[in-house]
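Contents: one structure, followed by commentary.
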Amino acid sequence: MTTRIGVVTFPGTLDDQDALRAVRIAGAEPVSLWHRDKDLHQVDAVVLAGGFSYGDYLRAGAISRFSPVMETIIEQAKAGLPVLGICNGFQILTEAHLLPGAMLRNNHLHFICRDQKLRVENAETAWTADYSAGQEIRVPLKNMDGRYTADERTLDELEAEGRVAFRYLDGNPNGSLRDIAGITNAAGNIVGLMPHPEHAVEPLIGTGRTDGLGFFTSIIKKLVNA
């Protein structure tokens, strides 16, 4: 049976089509999900794509967190549904309290867009199993509110429990505490990161590399072998 991976579109989402394409290239069936529809249409996993949902009003992801589709996603994610939040999707996951911490304005107060080197810190989540711990990858980064922050106790817990999934290398692009680029929940089914793996899945576009494809092949293998 074909693995079905849903990609949610909110008003202001920019990268849903890129995420759907990445799902297709990886070998799964992409399913478009609309933010006002609570029905997830029997998908096996969900991607919250990047963009500026609701124009980032109030806070990035703060309004989208209350969209009808999120009610279902929050419930099912807590029960084990794999969810990947990319950029604005990561912001939505923190606003929904599916991942700890918060995202602040970049410390230099400018939008940043560049290819970013990352180190894989946790290769045991549903979305990172096709990587190796310590592996260095390069994927595009583009954000204005990408500075990850949390209190010291939360940061220490993330470090101690191996829940820092990715860390920035060759310079911190936004002032994220402890160079954190992405994190996971304790169960490993929910992952959020600011960089954009969906833009690095084929040689023709993005970085010219396929370093981001492993996110999507990882979840397919996880679901097929479940």
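The values are calculated or read from the model by the stated rules, or taken from the named source; none is laboratory data. Note that this is a predicted model, so its numbers are computed, not measured. Neighbour counts are summed over all protein chains in view; Cβ atoms, including those assigned to glycine, are modelled from backbone coordinates with ideal geometry. What goes into the accessible areas is simple: the full protein's heavy atoms, side chains included, and nothing from ligands, DNA or RNA. Shrake-Rupley method; radii C 1.70, N 1.55, O 1.52, S 1.80 Å.
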Seminar exercise, completed: Scanning the stretch 1-54 for residues that are free of Cβ contacts under 8 Å to residues at least 40 places away in the same chain and out of contact with any strand residue (DSSP E or B) (no Cβ under 7 Å at 6 or more places or on another chain), the one surrounded by the fewest Cβ atoms within 10 Å (Cβ to Cβ) turns out to be M1
Problem set entry | Yes/no for T154 being among the β-branched types (V, I, T), open to solvent by less than 10 Å² (accessible area, probe 1.4 Å), out of contact with any helix residue (DSSP H, G or I) (no Cβ under 8 Å at 6 or more places or on another chain) and closer than 25 Å to M144 by Cα | no
For this session: Search the stretch 124-147 for residues being of a type in the set (A, V, I, L, M, F, W, C) and open to solvent by 20 Å² or more (accessible area, probe 1.4 Å), and hand back the single one that is farthest from T210 (Cα to Cα).
Result: M144
For this session: Hey, could you check the stretch 55-82 for residues that are within 20 Å of G182 (Cα to Cα) and touching a strand residue (DSSP E or B) at 6+ places or on another chain (Cβ under 7 Å) and say which is modelled with the lowest pLDDT?
Result: A60
Exercise. Quick check: is even one residue across the stretch 63-70 open to solvent by 20 Å² or more (accessible area, probe 1.4 Å), closer than 16 Å to L40 by Cα and of a type outside the set (D, E, K, R)?
Worked result: yes
Exercise. Which ones in the stretch 67-91 are touching a residue at least 60 places away in the same chain (Cβ under 8 Å), hydrophobic (A, V, I, L, M, F, W, C) and touching a helix residue (DSSP H, G or I) at 6+ places or on another chain (Cβ under 8 Å)?
Worked result: L81, V83, L84, I86
